[in-house]
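Bear in mind these aren't lab numbers, they're just calculated from the coordinates by the rules spelled out. Owing to the predicted nature of the structure, the values given are computational and were not obtained by experimental measurement. Please note: Cβ atoms are built from the backbone with ideal geometry, for glycine as well, and neighbour counts cover all protein chains shown.
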């Protein structure tokens, strides 16, 4: 199986295995387990390399390419390996894919389609074509920090230069509290509110109105005031335009007193995986009552915010808010409550 799996598929299997074992899902009914995979076009680098390798001998293309070029191959790979027989599909939402997958998993459990649903933000294995296009858009960082690469990824800093790609993958298990307790599992947190909103715009630039909308809707569903949020994990990519708009939305939603750090300053931008990875980072920080630093945040673009800067800090988090934004005008927000 692994021999014909793409790099994204191999990483996805390992990631789900970690979540599967921690959640003791072997004790659950496989027909009541679902899987939602956030992302699309997962295997771009693998496909480019294959095209180049077989360009002058197309009749020797491996037959399994007829499966692996489709995103659904990742669904088949993972459900076969783990015997998952509930719902399963991929869900594309650009850089918001991971959080969208989590929200879809919540709704699948709420609606009774499944009792347990794994939400994975899959590794987006980009090729040099996508990297160049991101640079041409002005989204990805330039060569400015080529001689000091450790300084290149700097969300919310005045010297930021675009996002820095980072390979990542993350998976979380969504279920009702009583379902987890039946397997002697203590949940990391309870999801109290969430929201998805569109900008009605194809433009890659984020929308202030869209971000404010999902923040307010998520807080409303969670029945929380902004002042009850102890910690915000923002999208924060290092984008010249995006960081400015996002922090304005956070401040105007009266969240500047909450502790804020940027996970992408450590992991880089995983694109389709980032939403799930950042939710995991949020949950781990809530569990440990400790917030990670924001690397390279030397001169914040908004001084009034409660930044976690160059050192980790001890911070008890009862209520947290995680935000994501995706090309295509997609905005998401999820609220968490520490049990």
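So for the pair residue 306, residue 49, with labels modelled 7 Å out along Cα→Cβ, what separation do we get in nm?
The modelled label-to-label distance comes out at 4.6 nm.
So what's the chain giving for Cα Rg divided by 2.2 N^0.38 Å, two decimals? List each step's numbers first, then the result.
Values: Rg = 19.8 Å, N = 339, 2.2 N^0.38 = 20.1 Å.
Rounded to two decimals, the normalised Rg is 0.98.
Would you look at the GNM of the chain, springs on alpha carbons closer than 10 Å, and say which of 160, 295, 57 moves the most?
Looking only at 160, 295, 57, the largest GNM fluctuation is found for 57.
If you split all Cα-Cα distances of the range 190-337 into 5 Å bins from zero, what percentages do you get per bin, shortest first?
With 5 Å bins starting at 0, P(r) equals 2, 10, 22, 25, 23, 13, 4, 1, 0.
Can you give the alpha-carbon Rg of the range 136-197 over 2.2 N^0.38 Å, where N counts its residues?
Taking the Cα Rg and dividing by 2.2 N^0.38 Å, one obtains 1.86.
Beyond 18 Å, what share of the Cα-Cα pairs of the range 287-339 remains, rounded to the nearest whole percent?
Result: 52 percent of Cα pairs exceed 18 Å.
Between rounded, prolate and oblate, where does the range 96-206 land on the alpha carbon gyration tensor, with a ≥ b ≥ c its root eigenvalues, rounded for a/c under 1.5, else prolate if a/b exceeds b/c?
Here the range 96-206 falls in the prolate category.
If you rank 211, 288, 303 by fewest surrounding Cβ atoms within 10 Å, what's the result?
So the residues, fewest neighbours to most, are 303, 288, 211.
Quote to one decimal, in nm, the extra length available between residue 146 and residue 181 on full extension: 0.36 nm per residue of separation minus the C-alpha distance between them.
Length difference between fully extended and current span is 7.7 nm.
In nanometres, what is the gap between the two model label sites at residue 1 and residue 40, each 7 Å from Cα along Cα-to-Cβ?
2.7 nm
Pick from 185, 247, 260 the residue whose mean-square fluctuation is largest in a GNM of the chain, springs joining Cα atoms under 10 Å.
For the chain, modelled as a Gaussian network with Cα springs under 10 Å, the answer is 185.
Just to confirm my numbers, what's the Cα centroid distance between the range 33-77 and the range 273-337 in Å?
Taking the Cα centre of the range 273-337 as reference, the centre of the range 33-77 is 33 Å away.
Across all directions of projection, what mean area in square nanometres is found for the Cα convex hull of the range 245-326?
Mean shadow area of the hull around the Cα atoms is 5.4 nm².
What is the pair-distance distribution P(r) of the range 49-88, computed from all Cα-Cα distances in 10 Å bins starting at 0, with each bin given as a whole percent?
26, 38, 22, 13, 1
Over the chain, what relative contact order in percent results from Cα pairs under 8 Å that are six or more residues apart?
Numbers: 786 pairs, mean separation 76.3, N = 339.
Across the chain, relative contact order equals 23 percent.
Return the whole-Å distance between the Cα centroid of the range 228-260 and the Cα centroid of the range 111-183.
Using only Cα atoms to place each centre, the spacing works out to 17 Å.
Over the alpha-carbon set of the range 169-241, divide Rg by the Kirkwood Rh and report the Rg/Rh ratio to two decimals.
1.06
Set the Förster radius R0 to 45 Å, insert the Cβ-Cβ distance between residue 299 and residue 87 as r into 1/(1 + (r/R0)^6), and round the FRET efficiency to 0.05.
Efficiency, rounded to the nearest 0.05: 0.45.
So, by mean Cβ neighbours within 10 angstrom, what's the order for 110-119, 192-201 with the highest one leading? Write down the numbers at each step before the final one.
Numbers: 110-119: 19.5, 192-201: 17.0.
The most tightly packed comes first, giving 110-119, 192-201.
Report D for the range 1-109 in µm² per second (integer): Stokes-Einstein, Kirkwood Rh on Cα pairs, 10 °C, 1.306 mPa s.
On the way: Rh = 15.1 Å.
Estimated diffusion coefficient is 105 µm²/s.
Rank 69, 145, 163 by mean-square fluctuation in a GNM of the chain with C-alpha springs under 10 angstrom and give only the top-ranked residue.
145
State the antiparallel share, in %, of DSSP beta bridges confined to the chain, rounding to the nearest 5.
55 percent
Based on other C-beta atoms within 10 Å, arrange 207, 142, 239, 273 from fewest to most.
Fewest-to-most ranking of 207, 142, 239, 273: 142, 207, 239, 273.
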